[in-house]
Amino acid sequence: MAAIPTPASEAPADNQSPAAQASDSAHPFIVHVPVDARGLALGILAAVALVFALDWMEKFFVPLLLGIFLAYTLNPLVVGLERIRIPRVLGTSMVMVAVVCALVLGTYSLRGQMQTIIAQVPEAASKLSAGFASMRDDPSGNMQKMQTAVGAMEKATSQMAGIPPGPKQRTTHVVIDTPGFKLGDFMWAGSMGALGFIGQATMVIFLAFFLLAGGDTFKRKLVRLTGPSLSRKKITVTILNDINDSIQKYMFMLLMTNLLLGLLTWIAFRWIGLENAGAWAVAAGLLHVIPYVGPILTAAATGMAAFMQFESFSMALLVVGASLLIATIVGTFVITWLSGKIAKMNAAAVFISLLFWAWLWGVWGMLLGIPIIVILKVVSEHVDQLQPVAELLGD
């Protein structure tokens, strides 16, 4: 029988010519992904508008978020009082009064040490300036040796380039007259800043009080606004419960770790012999709430205090090292491990988010960034359209 010819399109790949095989290998398989240009542009414009709105309404959103997170933190105490037959409004009043009294009594008990620290700041600055000046003027010091070496290198370079060591041209100095310092203006600006801080703190306390006294009112309203669908109501209840659980665990973890850091700092400073160790330990615990920046500020301030007390750079470095070591141990091992257990978030994504909120709101952004990320992750886990966000933030 005659052989049936095979069509060219069905010929085996082994019979292809070398030129055809080279052409196939030179052009890899390309996947065309459809892109909705109009939807992408609208999404970018909406994101930019949201960022500008958050920046513009910072003075509104920061106290609002602080009040909400404070209410989440204190809610277990109010619930515990409610379980022993104390009305919610009365229990909320008792908890808020206890918190305010604890803050006032703590500040009052440490006022003497804080006043001593503030009074010693000018003297510490002058001592540091004198110490750096003595290091610079010391012929046997490293800084003087570096300046001499730089001068010798400049002279050798000039000789190699053939530039005669002529007299240097005189430079013209421009003096700008600045307005004189006025103590009255400085005191007025400081008092206005303090009054603004006290006003915002009062608003935060009142907001937390009303949220705690309301109980599940807003929760029920949000569930009601989701619509008549039972599935949507269940998803909303799950999201709110997960947010409540995650925020409470995170705030409790933050409280415990800051207390641990303050205790370790107090023990280390007492062992070194630093004055006002209790006040410095309280300041370290409070500043550690601000990620990355707080420990650096604590180390710089305690280092200055140690140099002023001991008049020794080695003792100042010892205090700075102890402060940074404790903050690193507590922040890197304890907080990171507990945060991973609570929220199960990706450390790189959390750090990038902290950079964004710090750029947007400064110190307040660093303070509120992690709770905001926790809420965003919880919401994105239960919304289909936000699943990519949950994948990026997850561990």
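What follows draws every value from the coordinates through simple rules; no lab data is involved. Everything numeric in this text was worked out from a predicted model, so none of it was measured. Cβ: placed from backbone, ideal geometry, glycine included. Neighbour counts: every protein chain shown.
Within region 193-247, restricting attention to residues that are in contact (Cβ under 8 Å) with a residue 60 or more places away in the chain and within 22 Å of Val383 (Cα to Cα), which residue is surrounded by the fewest Cβ atoms within 10 Å (Cβ to Cβ)?
The selected residue is Thr238.
Among what's in region 276-312 and is without any contact (Cβ under 8 Å) to a residue 60 or more places away in the chain, out of contact with any Gly (no Cβ under 9 Å at 6 or more places or on another chain) and surrounded by fewer than 19 Cβ atoms within 10 Å (Cβ to Cβ), pick the residue that is farthest from Leu103 (Cα to Cα).
Ser312
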